[in-house]
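> Take a look at the following structure, please.
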């Protein structure tokens, strides 16, 4: 079925319903995951999957102005804040990004103290590795001296957003530093892609996994960092060079279906839709802003079609890999189970929202 603005808008409505209606159904009790199964699936938890999901909803609201969607987002935050927020770590920071972006536009007084206190806690108290990177501690595990690519999306984007919105430049400075430190240890100079993690204990990249969704956090993260805050020109140029190298590699690794695999360079690993959605969003955005190499738009539209093909009639995104800790061997990534999640819904929302911009542009030019 050909892509059209009407079809994408219809599927977007279903995606929102699918995400806000997600509840843990008891099928997955994998012990090798951060938090509980409900934290990954249910929309009712304050964890990173819901944080990514809310960012997708917030971006859609900013584009559409949908009052009902805004009400849903604000009610979620009001209820969770009233119930009491969890301890600060990398993963529990993720919901702060959408809250910051909403506050930037609406300046609700009740949200500013929450945002300001959390941002200050990150800079002043979040554990760090050698060279000042944020240690990837999560709700149920301390990962001593480890850097993970997820951290940039979960933490640094919030600091950039709130720093720009509040005028507190130290938060933007910290976001820039985190991108630079993580790029030093995680960007693979040979392939242009990113490794999932690095440890200073033995100084290595674990399984040297070129993990799909982790790379998608980087594609989205660099482009959104540049959009969310006024980044120093030298840092901007440096990160865009890294992004362009990554995109060049991604264009070579896209499968015939338009998707990417959970291990990007491993044809025995399965095609994975949350990563595909993140890449689709990033490639289309890079094309729209003129920041990517030739071929971005075409590859992004193929990714958009692949994502659309994996959304069922209930608005639930399928073929999404479950939460993924650091793997010590590549088979670990091949064995991660498939399960609908908030971040799968969110990345699809980002992809379809960006896709609408391109389809509208193409329709107007016709």
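Nothing in this text is a laboratory measurement; each read-out follows from the coordinates by a stated rule. Please read all numbers here as calculations on a predicted model, not as lab measurements. No Cβ is skipped: glycine too gets one built from the backbone with ideal geometry, and neighbour counts run over all protein chains shown.
> GNM, the chain, Cα, under 10 Å: largest mean-square fluctuation among 293, 109, 95?
109
> In addition: Which distance in nm do the two modelled labels at residue 312 and residue 363 give, with both placed 7 Å along the Cα-to-Cβ direction?
2.9 nm
> Can you tell me the order of 321-329, 336-344, 182-190 when each peptide is scored by its average per-residue count of other Cβ atoms within 10 angstrom, highest first?
Output ranking for 321-329, 336-344, 182-190: 336-344, 321-329, 182-190.
> Give the Rg/Rh ratio for the range 56-194, taking Rg as the radius of gyration of the Cα atoms and Rh as the Kirkwood radius, to two decimals.
Radius of gyration over Kirkwood radius for the range 56-194 works out to 0.99.
> Sticking with this one: Of 88, 154, 308, which is the most mobile in a GNM of the chain whose springs link Cα atoms less than 10 angstrom apart?
88
> What is the chain's relative contact order, in percent, from Cα pairs under 8 angstrom and six or more apart in sequence?
21 percent
> Follow-up. If the elastic network links every pair of Cα atoms under 10 Å, which of 262, 72, 276 fluctuates the most in the Gaussian network model of the chain?
72
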